[in-house]
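Presented below is the structure to which this report refers.
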Amino acid sequence: MDVPAGGSPRVLIADDQELVRVGFRLILTARGIDVAGEAADGEQAVARARSLRPDVVLMDIRMPGMDGLEATRQVLAHDPHCRVIMLTTFDLDRYVYAALTLGASGFLLKDVTPEHLAAAVRLVGTGDALLAPSITRRLVERFAAADRVPGPPSQAAHTDLAALTPRELEVLTLMGKGLSNAELAYALTLSEATVKTHVARIFTKLALRDRAQAVVIAYETGLVTPGGE
């Protein structure tokens, strides 16, 4: 259900603050983006995502009752093609890391500029980063070590990575370290088009939605370690 190039995604806004919902709706509709509906809590978000089938859900992390994490888990379990962008008030939020491991495609601060909000929503269907890779890395480094179960990576992790070629493993490792496609091309002496092909194959083989998940899996499987070079 990726949005075609140049197309406008359908968006569901889930936030317990009415002012946030109204403000985001006005920003998006003024820029030609279709807001399919709103939800005031996690339960409403799940129900409306199932009935409306939006391309993108803007999901507040902290809501009364069912929070944004559980709502994200249920939304993506029902529709793996949906993209979820978490809304938070500060960037190094432990719940954002948890949401990324559940499959969220990135996060936005609630004081995001109108231009950045619209651009992020339009970008979400492409699989590109919704946030700077360096921010994703900083977030994962802060919380991955504390949240990961002690011991070596799981057998499932080894099985997944076994599907990758040596070059793809190299690309995934560098993505985990926060390199952009242009930086990957320079580091590996490849064209940017070739790098994009490797990235796309990694996404397909590991069933990843986007770069944010690639960074997480690089840490979860031990390819990259917090603080490592």
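When only alpha carbons are used to place a centre, the stretch 50-68 and the stretch 80-118 end up 11 Å from one another. With both labels modelled 7 Å from their Cα along Cα-to-Cβ, the SER8 to SER191 distance reads 3.6 nm.
Just need the Rg to Rh number for the stretch 69-118, please, alpha carbons only, Kirkwood Rh. Rg/Rh for the stretch 69-118 comes to 0.99. Were the residues from ALA30 through GLN17 laid out at 0.36 nm apart, the gain over their Cα-Cα distance would be 2.7 nm. Counting only protein heavy atoms and using a 1.4 Å probe, the accessible area of SER180 comes to about 40 Å².
As a ratio to 2.2 N^0.38 Å, the alpha-carbon radius of gyration computed for the stretch 21-102 takes the value 1.04. Amide H to amide H distances under 5 Å link MET86 with MET59, SER105, GLY106, PHE107, LEU108, where only residues 5 or more positions off or on other chains count and H is placed in the peptide plane. For MET66, the shell of other residues with beta-carbons less than 12 Å away shows a net charge of -4, using +1 for Lys and Arg and -1 for Asp and Glu.
Computed over the stretch 46-87, relative contact order equals 51 percent, with contacts defined as Cα pairs under 8 Å that lie 6+ residues apart. Each residue of the stretch 22-33 was assigned a 3J(HN,Hα) from its phi angle through the Karplus expression (A = 6.51, B = -1.76, C = 1.60, θ = phi - 60°), giving 5, x, 5, 4, 4, 4, 6, 5, 5, 9, x, 9 Hz with x at Gly and Pro.
Note on LYS196: lysines with a C-alpha under 25 Å away, same-chain residues under 8 apart excluded, are LYS177, LYS205.
The values are calculated or read from the model by the stated rules, or taken from the named source; none is laboratory data. Owing to the predicted nature of the structure, the values given are computational and were not obtained by experimental measurement. No Cβ is skipped: glycine too gets one built from the backbone with ideal geometry, and neighbour counts run over all protein chains shown. Protein only, heavy atoms only, side chains kept; ligands, DNA and RNA dropped before computing areas. Shrake-Rupley method; radii C 1.70, N 1.55, O 1.52, S 1.80 Å.
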